[in-house]
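Chemist: Below are the structure tokens for one structure; questions will follow.
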Amino acid sequence: MKGLQSKTAIVTGAATIIGAALVREFHARGTRVVIADIDEAGGGALAKELGDGVLFVKTDISDDSQIANCVQRTVAAFGGVDFLVNLACSYVDNGIEATRDDWMSSYGVNVVGAVMMAKACRPEMVKRGGGAIVNFSSISAKVAQTGRWLYPVSKAAMAQLTRNMAMDLAGDHIRVNSVSPGWTWSRVMDELSQGNREKTDKVAAPYHLLGRVGNPEEVAQGVLFLCSSNASFITGTDLAVDGGYSAMGPEQAVPAIPRLCE
Ligand SMILES: NC(=O)c1ccc[n+]([C@@H]2O[C@H](COP(=O)([O-])OP(=O)(O)OC[C@H]3O[C@@H](n4cnc5c(N)ncnc54)[C@H](O)[C@@H]3O)[C@@H](O)[C@H]2O)c1
């Protein structure tokens, strides 16, 4: 992929498994990366491990002063901002039981945090002659999942926000796209399965044409592509990195017509 070397990316939520995979993939291609996360231990350890070209800036994206500090520190360390990846998320979700405060805090991170990050990065991208923003949406944006209201609605908002951002930032030569991962091996999967990848793949198999969960590195490839100059004519769209989850209908991957003959 072209156009990644010597550029600078800010990745929110980069201390977690998917985010860390993305940081490693950027780093391997010579992109300088700022890990913007509230997880001091995880973010600090990753920056220390990768060394030159990777900086951890403790950032709560629900706080505008911390966002401003993150962008300032990025510019001071690396001279500017070319890419923003809005990956951080809150999984706070109690469906219909959720309170107004739950909704506001979920949106403060998942949607408003991403908007404020983009707003703060925009002038720096303009100084560079343009840039790219990748927002994390999800398969959850398009289907109903039991007991979940806040997270899926916030991810649907991210898909729409991507179109709005793409429209209004095109004049600044800033491309804006989203990725929608399917089930991906991540902190949540790791915790819920107690580290059992085999079991996780087995549970995921009926929902994904490729019969497993995605690897964090596979999601990262989609993000890198959207940032790279290979995607120079792509803006305002969503890239499904979901192993065929969204292609599958209610009949799943089993022949349904023969059931009429049973
Ligand atoms: N895990 C999956 O299967 C899956 C599927 C589809 C989409 N996604 C998307 O991928 C992204 C990563 O998901 P994950 O499962 O790895 O999540 P995760 O919960 O493991 O990580 C989220 C990260 O965001 C950080 N964070 C939370 N609140 C923050 C705040 N206020 N400011 C800064 N950082 C904050 C956390 O510290 C953490 O490092 C999310 O956008 C999610 O919607 C994940």
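The values are calculated or read from the model by the stated rules, or taken from the named source; none is laboratory data. Source: prediction; values computed, not measured. Backbone-built Cβ (ideal geometry, glycine too); neighbour counts: all protein chains shown. Just the protein is used for accessible areas: all its heavy atoms, side chains included, with ligands, DNA and RNA removed. Shrake-Rupley method; radii C 1.70, N 1.55, O 1.52, S 1.80 Å.
Chemist: How are the C-alpha pair distances of segment 1-82 spread across 5 Å bins, as whole percents from the shortest bin up?
Modeler: Reading upward from the zero bin: 3, 18, 29, 27, 17, 5, 1.
Chemist: Under 17 Å Cα to Cα from Lys7, which lysines show up? Leave out anything in the same chain fewer than 8 places away.
Modeler: Lys127
Chemist: Just how much of Trp103 is accessible, in Å², when a 1.4 Å probe is used and the result is rounded to the nearest 10?
Modeler: Its accessible surface works out to 70 Å², give or take rounding.
Chemist: If we sort 16-22, 49-55 on the protection proxy, mean other Cβ atoms within 10 Å, highest first, what's the order?
Modeler: Numbers: 16-22: 24.3, 49-55: 15.0.
Ranking, from highest mean packing down: 16-22, 49-55.
Chemist: A further question on this structure: So if I place +1 on the C-beta of Lys and Arg and -1 on the C-beta of Asp and Glu, and nothing else carries charge, what would the dipole magnitude of the chain be about its Cα centre? I want it in debye, nearest 20.
Modeler: Numbers: 24 positive and 27 negative charges, 134 e Å.
With Lys and Arg at +1 and Asp and Glu at -1, about 640 debye.
Chemist: Taking amide H atoms as placed 1.01 Å from N in the peptide plane, list the residues 5 or more away in sequence, or in a different chain, whose amide H sits under 5 Å from that of Leu84.
Modeler: Those qualifying (amide H under 5 Å, at least 5 residues apart or on another chain) are Ile10, Ala132, Ile133, Val134.
Chemist: Identify, among Ala253, Pro123, Leu161, the residue whose Cα sits farthest towards the positive end of the charge dipole of segment 8-261, taking +1 on the Cβ of Lys and Arg and -1 on the Cβ of Asp and Glu, with the dipole about the Cα centre.
Modeler: Comparing the listed Cα positions along the dipole, Ala253 ranks first.
Chemist: Using helices alone, I'd like the mean residue ellipticity at 222 nm for the chain: each DSSP H run of four-plus residues gives -39500 (n - 2.57), total over residue count, nearest 500. Kindly include the intermediate steps, with their values, before the conclusion.
Modeler: Numbers: 9 runs with 106 residues, N = 262.
Counting only the DSSP helices, I get -12500 deg cm²/dmol.
Chemist: Another one. Two decimals is fine: what's Rg over Rh for segment 26-145, C-alpha atoms, Kirkwood radius as Rh? Mind dumping the intermediate values first?
Modeler: Numbers: Rg = 15.5 Å, Rh = 15.5 Å.
Taking Rh as the inverse mean 1/r over Cα pairs, Rg/Rh reads 1.00.
Chemist: Carbon-plus-sulfur fraction of the accessible area of segment 8-261, 1.4 Å probe, in percent?
Modeler: Numbers: 6810 of 12160 Å².
Within segment 8-261, the accessible surface is 56 percent carbon and sulfur.
Chemist: If you don't mind, another one. Quick check: with the 1.4 Å probe, what order do Arg163, Arg175 take by accessible area, largest first? Please report the intermediate quantities before stating the final value.
Modeler: Working: Arg163 125, Arg175 35 Å².
Greatest to least solvent exposure: Arg163, Arg175.
Chemist: Can you list, largest first and rounded to whole Å, the semi-axes you get for segment 134-210 by taking the square root of 5 times each eigenvalue of its Cα gyration tensor? Show your work: numbers first, answer last.
Modeler: Details: eigenvalues 179, 39, 23 Å².
Result for segment 134-210: semi-axes of 30, 14, 11 Å.
Chemist: Quick check for you: with a 1.4 Å probe and neighbouring chains kept, what is the accessible area per residue of segment 8-261, in Å²? Display every interim value, and only then the final one.
Modeler: Values: 12160 Å² over 254 residues.
Accessible area per residue, segment 8-261: 48 Å².
Chemist: Rounded to whole Å and sorted largest first, what semi-axes of the equivalent ellipsoid does the C-alpha gyration tensor of segment 8-261 yield via the square root of 5 times each eigenvalue? Kindly include the intermediate steps, with their values, before the conclusion.
Modeler: Values: eigenvalues 188, 76, 73 Å².
Equivalent ellipsoid of segment 8-261: 31, 20, 19 Å, largest first.
Chemist: Output the relative contact order of the chain, whole-number percent, from Cα pairs under 8 angstrom with separation of 6+ residues.
Modeler: Values: 514 pairs, mean separation 51.0, N = 262.
Over the chain, the number comes to 19 percent.
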